[in-house]
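Every number in this text was worked out from the coordinates using simple rules, so none of it is lab data. Computed from a prediction, not measured in an experiment: that's the story for all the values here. Here the Cβ is made from the backbone with ideal geometry for all residues, glycine too, and neighbour counts use every protein chain on show.
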Amino acid sequence: MIKKCLFPAAGYGTRFLPATKAMPKEMLPVLTKPLIQYGVEEAVDAGIHTMAIVTGRGKRAIEDHFDISYELEHQIKGTSKEHYLTEIRGLIEQCTFSYTRQVEMKGLGHAILTGETLIGNEPFAVLLADDLCDGSGGAGVLSQMVRLYETYRCSIVAIEEVPREEVSKYGVIAAEEIEKGIYRVNDMVEKPALEEAPSNLAIIGRYILTPDIFEILRTTKPGKNGEIQITDALLEQARAGKVIAYRFQGRRFDCGSVDGFVEATNYFYRQGRS
Ligand code: G1P
C-alpha cells in the first residue's frame, strides 16, 4: 500500500566537514555500508521498492552507488572478493531509484515538496538517512509504521523520548496516548526552546505522509530558521486529527552528529554486522 519512499538527501552535512566537502553525508559509512544504504534496506524491509531521492549539487556518488560499476564487476568477477557486492547488487535488482534535485536549500518541508514529482498522489514514506534505526523483533521502523498505516490511514511520525535538554534539536509533539505507544497528535513545534516544548517526545526521521501534505506545503510559510518545516505542515493535518505519533520499537542513532555516528558504529560492530 505504501509503495514509495522519499529520501531528502540534499543537505550539506556541515557537522562532518571536512569529510563531507566532496562527499555526500549520506555516503558516510557505518562499518562498510553508507548511511543511505541502511535506509534503502529499511524501506525494502517494509515492502517498498521505489526509492525517490531528493539530491542536490555534489551528490552524484549516491546515484553511482545504486548502479552497476562495470569496471569493478569485471575486476572482481570470479575472485574471492565477489561476495562484497552481493548485498548491494541484490538491492539494485529489487528497487528502482529516481532522483530530482533541490536547487535551493529551503528546509525539510521544501525538500519533501521538491519530491512531489517523484511521488505523485499517493501516501508515501520519508526516511532521513542520518537517523539510523535498528528495529527490534525483526521488523524495521518503517515496516512497523507501514503496518500502523493500514489501521489509521493518516500521516504518522515516529517519536522517541529524549532528555529534556535536547528537545531544541527536534520537532516535538503534544499528544494523547490512544493505545500503548500510539498517540493522536494535537500540537507540534519545530525545535522549541526547553521552556516552550510541549513534551519530550521528539520526532525522528521516519514519516508516513498522506499526499495532501504537498498542497499544505505549497502554502507553508518559512518557520524555524527561515526554512519551510515539515513539522509546520504536519501541524495543519494534526489540527484535523490526522496525525498519529508512534513510539517505535528499536534503537535510533543520530548519525548527523559525531557522537551518534561513533555510537552507531560501535553498536553495529559489536553485533557482528559488516
Ligand atoms: C528534522 C526535522 C525535525 C526532526 C528531525 C529528526 O530536523 O525538522 O522535526 O525532529 O529531522 O532527525 P533536522 O535534524 O534535519 O534539523
Checklist entry - Roughly how tilted is helix 230-239, in degrees to the nearest 10 and between 0 and 90, from the longest Cα axis of the chain? => result 40 degrees
Item to check | In sequence order, calculated HN-Hα J values of the range 201-215 (Karplus, 6.51, -1.76, 1.60; Hz; x Gly/Pro) | outcome: 8, 9, 6, 10, x, 9, 9, 10, 10, 7, x, 5, 4, 5, 4
Checklist outcome for this item: So, over other residues within a Cβ distance under 13 Å of ASP187, counting Lys, Arg +1 and Asp, Glu -1, the net charge is -3
Checklist entry - Taking H as built 1.01 Å from N, whose amide H comes closer than 5 Å to the amide H of GLY56, not counting residues under 5 places away? => result GLN102
Item to check | Residue-count net charge about CYS5 - beta-carbon cut-off 13 Å; Lys, Arg +1, Asp, Glu -1 | outcome: -1
Item to check | Built amide H within the under 5 Å cut-off of GLY250, gap 5+ | outcome: SER136
Checklist outcome for this item: Over the chain, the sum of -39500 (n - 2.57) across DSSP H runs of at least four, divided by residue number and rounded to 500 deg cm²/dmol, gives at 222 nm -9000 deg cm²/dmol
Checklist outcome for this item: Here the Cα Rg-to-2.2 N^0.38 Å ratio for the range 151-274 is 1.12
Checklist entry - Helix 35-45 versus the longest principal axis of the chain: what angle, 0 to 90°, nearest 10, using Cα atoms? => result 80 degrees
Checklist entry - Which percent, nearest 5, of DSSP beta bridges in the range 138-274 are antiparallel? => result 75 percent
Checklist entry - When ranked by the protection proxy of mean other Cβ atoms within 10 Å per residue, highest first, what sequence do the peptides 166-174, 71-79, 230-238 form? => result 230-238, 166-174, 71-79
Next on the checklist: Here is the link list: LYS3/LYS169; LYS59/LYS242; LYS33/LYS180; LYS221/LYS242. Which ones come out longer than 25 Å on Cα distance?
Outcome noted: LYS3/LYS169; LYS59/LYS242; LYS33/LYS180
Checklist outcome for this item: So for the range 78-198, using the alpha carbon gyration tensor with a ≥ b ≥ c as root eigenvalues (a/c under 1.5 gives rounded; past that, a/b versus b/c decides prolate or oblate), I'd call it prolate
Checklist outcome for this item: Percent antiparallel among DSSP beta bridges confined to the range 1-110, nearest 5, equals 15 percent
Checklist outcome for this item: If one compares the long axis through the Cα atoms of helix 258-270 with the longest principal axis of the Cα atoms of the chain, the angle in degrees, nearest 10, works out at 60 degrees
